[in-house]
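Accompanying notes for the structure given below.
The values are calculated or read from the model by the stated rules, or taken from the named source; none is laboratory data. The model shown is predicted, which means the values in this text are computed figures rather than measured ones. Because the Cβ atoms are built from the backbone with ideal geometry, glycine has one as well, and the counts that use them run over all protein chains shown.
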Amino acid sequence: MLFAYTAVIIASYLLGSVPFMILMARAKGIDITSEPDMHHAMWFKLGRAWGILGFLLDVTKGILPVLFCYQLNFPALISSLGGIAAVGGQMWPVFRKFDGERGNTTGLGAAGTLSIAYGEPLVVLIALVPAVIGFLIRTFNRWQASGATINERLKFGGPPSLALPLGVIIGFGSTPVTSTIFGLLPEITLGFAGIVLLIIIRRLTVDVRQDLKTSQGRWWSVLFNRFLFDRSEI
């Protein structure tokens, strides 16, 4: 079974690496590889339906490995490692020279499936609360704008905010805590912790060298802002 477990983990990473949004955009004649946020690019440049589809495909990357392992009665540790591998694939995809996305959407799929499949959906529901609050704060001003069209209001918020990335990291960070409180298997708690760790590492390291060079010695501020707000300057 060791071979099967190893194959599943490798396949999970490769699934996470598949750049579905880039492929869909290219099929429509649009290049989004240089966009800072591909989900926004899909929403703005291809339309709402394509933006939603891109989001769902990225979430599904995290769902499938965990669900596959669960349905085949693989050990809970393998389910967790499959979910972690998928998130790592989205962040450091082999098909894009190991330069990918932040992992939030695939992390949501993996963490949500671990939570539900192993008997405690409250773990992911609690995690969604700060993320949803951050999203609502981010979008409130757009809905309040006088004369805004429905298309403008349905865009994912206004300018980049601090509330959404802060809500996301709080939400993910809550999962190993609530998993322990609700008595889930230690292997599942490890899966939540692994996803959180990858998200933090990605926030702290993506394109960080240039930011540190221009930080005028305030490297601690760069890392702190990246950790909480997913950006070097606020």
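Output yes when any residue across region 183-198 is surrounded by fewer than 17 Cβ atoms within 10 Å (Cβ to Cβ) and at pLDDT below 95, and no when none is. Within region 183-198, not a single residue is surrounded by fewer than 17 Cβ atoms within 10 Å (Cβ to Cβ) and at pLDDT below 95. Please go through region 185-212 and give me each residue that is in contact (Cβ under 8 Å) with a residue 40 or more places away in the chain, in a loop (DSSP other than H, G, I, E, B) and under 22 Å from the mean Cα position of the chain (by Cα), ordered by number. Selection gives 206 alone.
Taking the conditions (1) surrounded by fewer than 16 Cβ atoms within 10 Å (Cβ to Cβ); (2) under 17 Å from residue 100 (Cα atoms) in turn, residue 55 satisfies each one other than (1). Of the residues making up region 22-60, those that are of a type in the set (A, V, I, L, M) and within 14 Å of the chain's Cα centre (by Cα) are 38, 56, 57, 59. Considering only residues in region 6-16 that are surrounded by 15 or more Cβ atoms within 10 Å (Cβ to Cβ) and among the small types (Gly, Ala, Ser), the one that is farthest from residue 195 (Cα to Cα) turns out to be 11. Return the pair list, or none, for Cβ contacts closer than 7 Å from residues in region 116-127 that are closer than 18 Å to residue 68 by Cβ to residues that are in a helix (DSSP H, G or I) and not acidic (Asp, Glu), at least 6 apart or on different chains. So the pair list comes out as 116/124; 117/66; 117/67; 117/70; 118/76; 118/188.
For region 121-144, the set of residues classified as modelled with pLDDT of 95 or more and more than 17 Å from residue 168 (Cα to Cα) consists of 121 only. Residues in region 6-60 that are at pLDDT below 95 and β-branched (Val, Ile, Thr): 5 in all.
Mind listing whichever residues of region 17-52 are among the charged types (D, E, K, R) and either on the phi > 0 side of the Ramachandran plot or surrounded by 14 or more Cβ atoms within 10 Å (Cβ to Cβ) (or both)? 35, 37, 45, 48, listed by residue number.
I'm checking my understanding of the structure. Among residues of region 95-126 that are farther than 19 Å from residue 35 by Cα and exposed (fewer than 15 other Cβ atoms within 10 Å of the Cβ), which one is farthest from the chain's Cα centre (by Cα)? Applying the filter and picking the extreme gives 119.
Of all the numbered requirements in (1) part of a loop (DSSP other than H, G, I, E, B); (2) surrounded by fewer than 13 Cβ atoms within 10 Å (Cβ to Cβ), residue 3 misses one, and that requirement is (1).
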